[in-house]
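What follows is a single structure, written as structure tokens, with notes after it.
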Amino acid sequence: MGYCVALYFAKLLIFDKVLGLGTTDPLAGFAAITANLVVSFYFAKRGFENVARIIKR
């Protein structure tokens, strides 16, 4: 699921915004919520891992 979200955002940012080669419809509804959750869980997971590593010392 994370790879799908990463590919979507890469296409959106690189091809559409930077190179101006196309247009992509914005995510809406369930797809938008799912993409936001995937991204936020990834960063939250890494944050919790780093805090746990600091506390473990």
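If the condition is being in a helix (DSSP H, G or I) and surrounded by 11 or more Cβ atoms within 10 Å (Cβ to Cβ), then the range 23-35 contributes Ala31, Ala32, Ile33, Thr34, Ala35.
Does Val51 satisfy the condition of being in contact with a helix residue (DSSP H, G or I) (Cβ under 6 Å, 6 or more places away or on another chain), assigned to a helix (DSSP H, G or I) and at pLDDT 80 or above? Before the answer, list the steps.
Details: in contact with a helix residue (DSSP H, G or I) (Cβ under 6 Å, 6 or more places away or on another chain): no; assigned to a helix (DSSP H, G or I): yes; at pLDDT 80 or above: yes.
Here the answer is no, as Val51 does not meet what is asked.
Of all residues in the range 2-22, one or more are at pLDDT below 80 and not in a helix (DSSP H, G or I).
Criterion applied to Val51, Val18, Val38 was being surrounded by 13 or more Cβ atoms within 10 Å (Cβ to Cβ) and without any contact (Cβ under 8 Å) to a residue 40 or more places away in the chain, and the one residue passing it is Val38.
The values are calculated or read from the model by the stated rules, or taken from the named source; none is laboratory data. Keep in mind that this is a model prediction, so the values were computed, not measured. We place every Cβ from the backbone using ideal geometry, glycine too, and count neighbours over all the protein chains shown.
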